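The values are calculated or read from the model by the stated rules, or taken from the named source; none is laboratory data. Predicted model only: the values in this text are computed from it and were never measured. Note: ideal-geometry Cβ built from the backbone for every residue, glycine included; neighbour counts use all protein chains shown. Each accessible area value is taken on the protein alone, full model and side chains, heavy atoms only, with ligands, DNA and RNA left out. Shrake-Rupley method; radii C 1.70, N 1.55, O 1.52, S 1.80 Å.
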Amino acid sequence: MATPTPQTAPAGGLRERKKQRTRDALIRAALELFTEQGYEATTVDEIAEAVDVSQRTYFRYFANKEDVAFAVQEMVEARFMAELTARPATEAPLTALRSAVMVAWDDIGSAIESVIPVELHMRSYQMIESTPALMAVHLRRSSELEEQIARLIAGREGLDVDADPRPRVLVAAFCGVMRVAGKIWGEGPDCSVASIRELTQSYLDHMAPAIDDDWRPHR
């Protein structure tokens, strides 16, 4: 009887994990360099060298420095959008937005920390806000995200986002509250996920009474 050979993990799985580790290492190295010596002063070659990979390898993962600067933020936004998409259709718009962001914060901390320390994420947020070139990109990305959210909310409510202004108005208010909470968090001494979650909840608590949460006709 032949001796069974040990089972090994599929090559594709190992390869994908190695690629993910390399990508995460590039993000961490880039953000550490950006926050220590400045975004403009940091080169792609320096980021690649910090991870002991070639410039060519860097460009397999990121098209430029801008992409890596926003990589973690993009992950947080994607988590929120996935949660918002999954909210029950019976939830009113503001309730869905609030629930999505609070649930997302419940597990996004571990996702961030699997790539970079939360403290580095906070310093990166401050770095983006103090770098004109990145702030311009941040504003553009925020505008694009707001439009995606507004269209998702309109779809949930069976509305035409171009004919009914309420989805865009609500999302603009919601995202404004999120920006203020993020700014206060970034300037504060506590860089924990629990801190940003608590601050977000507090600011949203003040928003809710000011907005009518029920848009559907009463029957």
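Yes or no, residue by residue, for (1) modelled with pLDDT under 80; (2) surrounded by fewer than 18 Cβ atoms within 10 Å (Cβ to Cβ); (3) on the phi > 0 side of the Ramachandran plot:
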position	(1), (2), (3)
LEU159	no, no, no
ARG179	no, yes, no
GLN201	no, yes, no
ASP212	yes, yes, no
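Within region 173-189, residues that are touching a residue at least 40 places away in the same chain (Cβ under 8 Å) reach partners that are assigned to a helix (DSSP H, G or I) and not small (Gly, Ala, Ser) with beta carbons closer than 6 Å, at six or more positions or on different chains, in the pairs PHE174/LEU97; TRP185/ILE196; TRP185/LEU199; GLY186/MET122; GLY186/TYR125; GLY186/GLN126.
If the condition is being assigned to a helix (DSSP H, G or I) and either open to solvent by 60 Å² or more (accessible area, probe 1.4 Å) or hydrophobic (A, V, I, L, M, F, W, C) (or both), then region 161-176 contributes ARG166, ARG168, VAL169, LEU170, VAL171, ALA172, ALA173, PHE174, CYS175. Among the candidates VAL101, VAL76, the residue that is among the β-branched types (Val, Ile, Thr), surrounded by 11 or more Cβ atoms within 10 Å (Cβ to Cβ), touching a Leu at 6+ places or on another chain (Cβ under 9 Å) and at pLDDT below 95 is uniquely VAL101. GLU83 meets each of the listed conditions (1) touching a Leu at 6+ places or on another chain (Cβ under 7 Å); (2) open to solvent by less than 60 Å² (accessible area, probe 1.4 Å) apart from (1).
ALA50 satisfies every condition listed in (1) buried (at least 16 other Cβ atoms within 10 Å of the Cβ); (2) under 19 Å from HIS138 (Cβ atoms); (3) of a type outside the set (Lys, Arg) except (2). Within the bounds of region 110-123, is there any residue that is touching a Ser or Thr at 6+ places or on another chain (Cβ under 6 Å) and either modelled with pLDDT under 90 or under 19 Å from GLY188 (Cβ atoms) (or both)? For region 110-123, residues touching a Ser or Thr at 6+ places or on another chain (Cβ under 6 Å) and either modelled with pLDDT under 90 or under 19 Å from GLY188 (Cβ atoms) (or both): present. Does GLU40 qualify as being over 21 Å from SER130 (Cα atoms), open to solvent by 60 Å² or more (accessible area, probe 1.4 Å) and either among the charged types (D, E, K, R) or assigned to a loop (DSSP other than H, G, I, E, B) (or both)? For GLU40, the condition - over 21 Å from SER130 (Cα atoms), open to solvent by 60 Å² or more (accessible area, probe 1.4 Å) and either among the charged types (D, E, K, R) or assigned to a loop (DSSP other than H, G, I, E, B) (or both) - is not met. Among the candidates THR95, THR22, THR35, the residue that is in a helix (DSSP H, G or I), under 22 Å from SER195 (Cβ atoms), open to solvent by less than 60 Å² (accessible area, probe 1.4 Å) and among the polar types (S, T, N, Q) is uniquely THR35. Answer yes or no: is there a residue in region 43-64 that is basic (Lys, Arg), touching a residue at least 40 places away in the same chain (Cβ under 8 Å) and part of a helix (DSSP H, G or I). Within region 43-64, none of the residues are basic (Lys, Arg), touching a residue at least 40 places away in the same chain (Cβ under 8 Å) and part of a helix (DSSP H, G or I).
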